[in-house]
Amino acid sequence: MRQLIVRRLLQTLPMLFFVSLVCFTMIKLAPGDPVLSFVTPNMHADDIERIRHNLGLDKPAYIQYLIWIKEMVQGNFGYSLVNHQPVLSQILERLPATAGLMGSAIGLAVLLAIPLGLLAGANRNRGVDKLINFISYIGISVPLFWLAILLMYLFAIKLHMLPSMGMRTIGVESAVDVLKHGILPCTVLAFGFLAGYVRYIRSSTIGQLKEDYVQIQYAFGSSKMTVLFRHVLKHVLLPVITLLGMSMGDLVAGAIVTETVFSWPGIGSLGMTAVKGMDYPVIMGITLFSSLMLIVGNLAADILYSTVDPRIKLTR
């Protein structure tokens, strides 16, 4: 296990390098000029070029990339071209908000998906199964931003039950206030993953219920709930762990959309602001952090997979 972790961590270095190279190339190929955010209508052309020189944008693209790589290796992610704040401090400042939102959303999705998937699989083609399937299809089909706007309109504007955006109420410093602000973005982010998880767990449950060990348990007089939650559940967990690892990319993308709609002060909203301003140091920093989160998430899924099923030899 230790060899696996070390090997996977070493593999992250070339992967992060490749991701940074692709990201930087796409930024340079994209239309737009970050210098335009500093230009005023009466500014002279020499002043514009001076700003470009001060930002280091007058150098060839590959020189800019090499300078960025050199500084990044030394722990310096550079400064934002827009607000001139250190990129690393901005990311670390917003990382807890994003990690909290993503963790609570994925936890909520898994906690709800397991009993719903088991229930749907155990009652195949019955009313409960059809109802859960219908809700799952809605979750798969509805775009996150549309669901976010719908819930915001219903619970924040019409019913005045929950705050519509932000993470805290101005002047209020309490955990309850943060939880109230997090209910809507967490629900939206969790709903999309819940639908997919329920479908996988339902299919896996249907397959497991045909196995001999289930019939033996019924023959010994075990109840339906006992068979489901004591014997079938541990076999159903394997595809769930695989899904968790595969979902990290969608989770990051979903967090960006959700944070933007609800003005959640996380990395996603910071990234959207950076994209609008062509703030490439911030975009590069967020891309690397997001890639690292994906790699660590997949590694955690592999370790958890081997823990649940010891037959898997991860060290090979």
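The values are calculated or read from the model by the stated rules, or taken from the named source; none is laboratory data. Keep in mind that what you see is a predicted model, and the values were worked out from it rather than measured. With ideal geometry, Cβ positions are generated from the backbone for all residues, glycine too; neighbour counts draw on all protein chains shown. Calculation scope for accessible area: heavy atoms of the full protein, side chains included, ligands and nucleic acids excluded. Shrake-Rupley method; radii C 1.70, N 1.55, O 1.52, S 1.80 Å.
Projecting the Cα atoms of ILE27, LEU144, HIS235 onto the dipole axis of the chain, where Lys and Arg carry +1 and Asp and Glu carry -1 at the beta carbon, places HIS235 farthest toward the positive end. The base-10 log of I(q)/I(0) for the chain, evaluated at q = 0.08, 0.11, 0.12 Å⁻¹, reads -0.50, -0.85, -0.96 [Debye formula, identical scatterers on Cα atoms, solvent excluded]. One quarter of the surface of the convex hull around the alpha-carbon atoms of the stretch 177-287 equals 9.2 nm², the direction-averaged projected area. Listed values for the stretch 73-89 are Karplus-derived 3J(HN,Hα) couplings in whole Hz (6.51 cos²θ - 1.76 cosθ + 1.60, θ = phi - 60°), namely 4, 7, x, 9, 7, x, 10, 5, 6, 9, 9, 6, 8, x, 5, 4, 5, and x replaces Gly and Pro.
The stretch 79-138 has equivalent-ellipsoid semi-axes of 43, 12, 5 Å, by the square roots of 5 times the alpha carbon gyration tensor eigenvalues, sorted largest first. Pop out the carbon and sulfur fraction of the accessible area of the stretch 221-316 as a percent, whole number, probe 1.4 Å. Answer for the stretch 221-316 is 67 percent, counting heavy atoms of protein chains only. Residues ILE5, ILE170, ILE241, sorted by accessible area with the largest first, give ILE170, ILE5, ILE241 [1.4 Å probe; ligands and nucleic acids excluded]. Pairs of Cα atoms nearer than 8 Å and 6+ residues apart set the relative contact order; for the stretch 241-303 it is 45 percent.
Might you tell me the accessible area per residue for the stretch 199-311, computed with a 1.4 Å probe and given in Å²?
In whole numbers, the stretch 199-311 has 46 Å² accessible per residue.
Accessible surface computed residue by residue for the stretch 57-181, with neighbouring protein chains in place and a 1.4 Å probe, gives 60 Å² per residue. Among 181-188, 209-216, the peptide with the highest mean count of other Cβ atoms within 10 Å heads the list, and the full ranking is 181-188, 209-216.
For the chain, a crude dipole built from +1 on the beta carbon of Lys and Arg and -1 on the beta carbon of Asp and Glu, taken about the Cα centre, is about 1300 debye to the nearest 20. Using only alpha carbons, the stretch 1-140 has a radius of gyration to Kirkwood radius ratio (Rg to Rh) of 1.19. For the stretch 49-110 versus the stretch 1-23, the inter-centroid distance based on Cα atoms is 19 Å.
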